[in-house]
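Undergrad: Let me begin by handing over the structure; questions about it come next.
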Amino acid sequence: MKDNNVLEFIDKDEAIDLLQQMIGFKTVNGPGDELPLAKFIGQKLEEIGVETVIDDLGNNRGNVIGRVKGSGEREALLFNGHLDTVPPGDIEWEYGPYSGAIVDGKIYGRGSADMKGGLAAMLIALKAVKKAGWELKGDFIYSATAGEETDSIGAIKFVEDGGLEGVGAIIIGEPSSNGINIAEKGAFWIEITTYGKTAHGAFPQNGTNAVVHMNALLSELVSYRFKYEENEILGHPTMNISTVNGGVKTNVVPDKCSITIDMRTVPGMDHKEIVKDFGRIIEKLSSQIEDFKADIKILNDRAAVETKGDNPFVKLAEEIVKEEFDKDIKAKGVNFYTDASIFLPAKQIPCIFYGPGDANMAHQPNEHITIDSLMESVHFYIAMIEKYLVV
């Protein structure tokens, strides 16, 4: 960095304490309950002189948005993360999921990696920048949103409210092991239900067995092949038939059977075309099997998104990692979705994912990040602010 003095304003103990406090807020989705944490972060932003808005979404849910005004010479830089977590699960944790326990240089707790660690690091970075008195050439925006683990209610509201207007680049603080990710697979979840007619199990000829009809459909689906071009970073799409539910009792012919399917897609794939393909399979079976009926319900529809590796913002991030940490890294992609699946289809904005912690720890018992990873993220975020908004 040109101004290494800013690093003197980083308080390691404060960063650790902040993350521990964030972990202590139970923001399990559902129901979410992100509003108290949003208000807590909002208070921290206001304490350092950041213009702050708490967006109350109802039902104890909310976003927090902080903005530092720049001169307007450059487009805004958005730092984003989500407030919610998944449940801690039924497996007993070695350390309490909301304890923020520190053991052997690691901070434990639900959300430590996914992704309160990123939110804490971004806030500490912003505080150091404010203390250093840097004059920004563009706005800096800090947004912490609700609901990413399910429906991204917070990100959707942020976009609807014009939150991306004037934004030139985005950093999402998802756990990346302090590497750079630039692409994510889409998520397309559907439910298919076959319908039959109940009858006594002793007289199956009087009914129509929905489970048998589902078996015919499954035989077609397992041989289905996506239409796609392999992505350089994300590779190929996948399909997992996740659940099967049918029948009510052993002695009753089932009149209904449902399956759920989790498809992970790559950029360029059209989810509507997949639905059409499955519809044609249903039509085919309807013409071959008497009384065959089925329908399709979309449960989750997230587009695959990517920022090209030769984008200047990606190159800037790679250069900073090399200059500040002497690491040669190559941008990668992830198989899961983030709020980028809301932001990027709305506006074609360069976006990278960089944050403390290992993504493989997300949603796991004994989730944790290392303190070193947390502090390295603070350093990286400060360097990105300097290179994008100052020099």
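The values are calculated or read from the model by the stated rules, or taken from the named source; none is laboratory data. From a predicted model like this one, the values you see are computed outputs, not experimental measurements. Counting neighbours? That spans all protein chains shown, and the Cβs are built from the backbone with ideal geometry, glycine included.
Undergrad: Need at least 1 residues that are surrounded by fewer than 19 Cβ atoms within 10 Å (Cβ to Cβ) and without any contact (Cβ under 8 Å) to a residue 24 or more places away in the chain per element, so show me which strands (runs of 3 or more DSSP E) inside the stretch 45-135 make the cut, counting only ones lying wholly within it.
TA: 51-58
Undergrad: While we're looking at this one, here's another question. Confirm whether Ala155 is under 13 Å from the mean Cα position of the chain (by Cα) and assigned to a strand (DSSP E or B).
TA: no
Undergrad: Within the stretch 87-105, how many residues turn out to be of a type in the set (Val, Ile, Thr) and out of contact with any helix residue (DSSP H, G or I) (no Cβ under 8 Å at 6 or more places or on another chain)?
TA: Counting residues in the stretch 87-105 that are of a type in the set (Val, Ile, Thr) and out of contact with any helix residue (DSSP H, G or I) (no Cβ under 8 Å at 6 or more places or on another chain) gives 2.
Undergrad: Show the residue pairs that are 6+ apart or on different chains and have beta-carbon atoms under 6 Å apart, the first residue being within the stretch 208-219 and in the same structural domain as Ser287 (by TED's automatic domain parsing), the second being among the hydroxyl-bearing types (Ser, Thr, Tyr) and modelled with pLDDT of 95 or more.
TA: If the second residue must be among the hydroxyl-bearing types (Ser, Thr, Tyr) and modelled with pLDDT of 95 or more, the pairs left are Ala210/Thr194; Ala210/Tyr195; His213/Thr194; Met214/Thr194.
Undergrad: Ok, one more. Return the total of residues in the stretch 181-214 being crowded, with 22+ Cβ neighbours inside 10 Å and part of a loop (DSSP other than H, G, I, E, B).
TA: 2
Undergrad: Note down all Cβ pairs under 9 Å where the first residue falls in the stretch 256-281 and is at positive phi, the second is assigned to a loop (DSSP other than H, G, I, E, B) and of a type in the set (Gly, Ala, Ser), and they're at least six residues apart or on different chains.
TA: Between residues of the stretch 256-281 that are at positive phi and residues that are assigned to a loop (DSSP other than H, G, I, E, B) and of a type in the set (Gly, Ala, Ser), the close pairs are Gly268/Ala304.
Undergrad: Right, here's the next one. Does any residue of the stretch 350-365 turn out to be farther than 23 Å from Phe158 by Cβ, of a type in the set (Ser, Thr, Tyr) and surrounded by 13 or more Cβ atoms within 10 Å (Cβ to Cβ)?
TA: no
Undergrad: Moving on to the next point. For the stretch 369-381, does any single residue satisfy the condition of being part of a loop (DSSP other than H, G, I, E, B), in contact (Cβ under 8 Å) with a residue 24 or more places away in the chain and among the hydrophobic types (A, V, I, L, M, F, W, C)?
TA: No - not one qualifying residue is present in the stretch 369-381.
Undergrad: Just to verify a result, which residue in the stretch 252-268, among those that are touching a strand residue (DSSP E or B) at 6+ places or on another chain (Cβ under 7 Å) and farther than 21 Å from Asn215 by Cβ, is surrounded by the fewest Cβ atoms within 10 Å (Cβ to Cβ)?
TA: Filtering first and then ranking leaves Pro267.
Undergrad: Give all pairs with beta carbons closer than 6 Å in which a residue from the stretch 289-307 that is over 17 Å from Cys257 (Cα atoms) meets a residue that is surrounded by 15 or more Cβ atoms within 10 Å (Cβ to Cβ) and among the basic types (Lys, Arg); count only pairs at least 6 apart in sequence or on separate chains.
TA: If the second residue must be surrounded by 15 or more Cβ atoms within 10 Å (Cβ to Cβ) and among the basic types (Lys, Arg), the pairs left are Ala304/Lys185.
Undergrad: For residues that are among the acidic types (Asp, Glu) and in contact with a helix residue (DSSP H, G or I) (Cβ under 9 Å, 6 or more places away or on another chain), scanning just the stretch 283-331, find the one that is farthest from Asn231 (Cα to Cα).
TA: Asp291
Undergrad: Does Met384 meet the test of being of a type outside the set (Phe, Trp, Tyr), surrounded by fewer than 18 Cβ atoms within 10 Å (Cβ to Cβ) and part of a helix (DSSP H, G or I)?
TA: No: the conditions fail for Met384.
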